[in-house]
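Please treat every number below as a calculation from the coordinates, not as lab data. Worth saying up front: this structure is predicted, and the values here are computed from it rather than measured. Note that we place each Cβ from the backbone using ideal geometry, even for glycine, and neighbour counts take in every protein chain shown.
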Amino acid sequence: MLAGCGALTLAAAGCGGSGKASAGASGTRAVYLAAVAKAAEVTGQVPGYKFALTSSTRFGDQGFSLHGTGAMDEGGSQGTISIQLAGKTLSEVIDRPYVYVELPSGVGGPATGAKPWLRTDIDTVAQSFGGSSLGSSGADPTQTLSFLKAAGSVSRLGIEDVRGTPATHYHAIVQLDRYATAVPPAERSSATKYAATVKRITGTDTLPLDVWIDDQSRVRRIAFDLRLCGPDGKIEESIDLTLYDYGHQTSVEPPPASQVTDIGDRLGEEVARNLQQLHC
């Protein structure tokens, strides 16, 4: 029995040491959790960065992928995004509170007033997600970063290279019930509604994700999978986001009003209808 105890607990510092080992493991997990929370805070306060985004969606035997690059500045209040989808390019300009999308040539028609740019108010679309701006512009990295503040458990997977920068790879389990407590008090009501929407359409109250953090506590990469419950079965989405070239980015200018059609109300209604079809 003693020999067996020694063999089984050698890595935990010997027989009778399980309490200390458990405490040590708990302390280590707390350090990892603090590292991820700090990275969310630090990255949210940087003046700007560039990013690359890859997203793939599959439902049944169908699917599609998109690839995008862009830059965010002024704490996420301004930015540009270029998205490649189905052989076409969508250009997006963020100048809060608005998001502008330039349609590819030949897309649009009477519904857009034959104008090349569409505009929506971020807050208007956000109401469809329960009032949170998270999710109102799927390609905006600042929204994805806010998930990290709700991590409930974190494990460390090692050091890896991200675009030439060494970064620590963590696996985190986001607790959606914690999301409202992780945001400023003024945002907690809408954050609670948003978390409830995500739980309804995914059928779970957790979100596993992987995050890579550099030695300055800045997020370098985030990757996660979503499984949504659609009317015709599961919808699976994988998202991989890389951040680089931290620092102020080029200022953006929204398109002239004469070239813009506002679709905020219509888009908000359409998003709300589509969300109602998602339920686990």
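Descriptive notes on the structure:
- Within segment 28-42, considering residues that are of a type in the set (V, I, T) and surrounded by 14 or more Cβ atoms within 10 Å (Cβ to Cβ), the one nearest to G233 (Cα to Cα): V36
- Restricting attention to segment 172-191, the residues being touching a residue at least 40 places away in the same chain (Cβ under 8 Å), closer than 26 Å to S155 by Cα and either touching an Asp or Glu at 6+ places or on another chain (Cβ under 9 Å) or surrounded by fewer than 18 Cβ atoms within 10 Å (Cβ to Cβ) (or both) number 1.
- Pairs are defined by a Cβ separation below 7 Å, a sequence spacing of at least 6 or placement on different chains, a first member in segment 258-274 that is more than 12 Å from T120 (Cβ to Cβ), and a second member that is surrounded by 14 or more Cβ atoms within 10 Å (Cβ to Cβ); the pairs so defined are Q259/K115; Q259/P116; Q259/W117; A272/S128.
- Selection within segment 43-55: residues that are of a type outside the set (S, T, Y) and touching a Leu at 6+ places or on another chain (Cβ under 7 Å). The member of this set that is surrounded by the fewest Cβ atoms within 10 Å (Cβ to Cβ) is G44.
- Hits in segment 151-161 (condition: more than 17 Å from D225 (Cβ to Cβ) and crowded, with 18+ Cβ neighbours inside 10 Å): V154
- Take the conditions (1) closer than 26 Å to Y49 by Cβ; (2) surrounded by 15 or more Cβ atoms within 10 Å (Cβ to Cβ); (3) touching a Lys or Arg at 6+ places or on another chain (Cβ under 8 Å); R221 misses just one of them, which is (3).
- Looking only at segment 56-94, and only at residues there that are among the hydrophobic types (A, V, I, L, M, F, W, C) and more than 17 Å from the chain's Cα centre (by Cα), the one that is surrounded by the fewest Cβ atoms within 10 Å (Cβ to Cβ): A86
- Verdict on I213 being surrounded by 16 or more Cβ atoms within 10 Å (Cβ to Cβ) and touching a His at 6+ places or on another chain (Cβ under 9 Å): yes
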